[in-house]
1. All but one of (1) out of contact with any Ser or Thr (no Cβ under 6 Å at 6 or more places or on another chain); (2) at pLDDT below 95; (3) of a type in the set (Gly, Ala, Ser) hold for ALA3; which doesn't?
2. Within segment 114-137, track down each residue that is touching a Gly at 6+ places or on another chain (Cβ under 6 Å) and either within 16 Å of HIS80 (Cα to Cα) or buried (at least 24 other Cβ atoms within 10 Å of the Cβ) (or both).
Amino acid sequence: MRAVGTVLAGQIDLHPMKTPFAFVVLVSLLLVSLRAQVADLPYGAPITLAQARTVLTAAQAEAARNQWRVAIAIVDSGGHLVLFERSDTTQYASAEVAVEKARTASGFRRPSKAFQDNVAAGGEGLRILGLTGAMAIEGGVPIIHEGRIVGAVGVSGVTSAQDGQIARAGAAAIQ
């Protein structure tokens, strides 16, 4: 098995058995870059009800495709609830969690997963737990329209990675 190891002077150095490490480093660098790009985006006008319905429909479709029962919240750029839905058999606590994930993504202009990753890293990353309004669980994603953050979508009810998958599908519907 051959894998990408390091890049030196424009050449790729191939090493056996380094695939997981190289892949993790590459993905981590890309995620940091994407998070920084989102956090630098300005706020736009608040998401409209029609746009929120488009986001909700796309998120519902992703959840239905996987037979996941979830709560989905869409907030505007100020963190105010615009639209909400909870599947009939979703645990009740997911309603509040979905709203808080959306508010985190809108208020901090980055996916809530950024906070989850910082807490998981430990050390100084644990300071995130002291931030008011920061839900350190994946599933909240900013909604970007015409290069501006217009709101966010938050999802809760399955694993945090699955919640994030649904939220990203919803947010992508109006980008």
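1. It fails just one condition, (1).
2. Listed by number, the list holds a single entry, GLY133.
The values are calculated or read from the model by the stated rules, or taken from the named source; none is laboratory data. No experiment lies behind these values; they were computed from the predicted model shown. Neighbour counts are summed over all protein chains in view; Cβ atoms, including those assigned to glycine, are modelled from backbone coordinates with ideal geometry.
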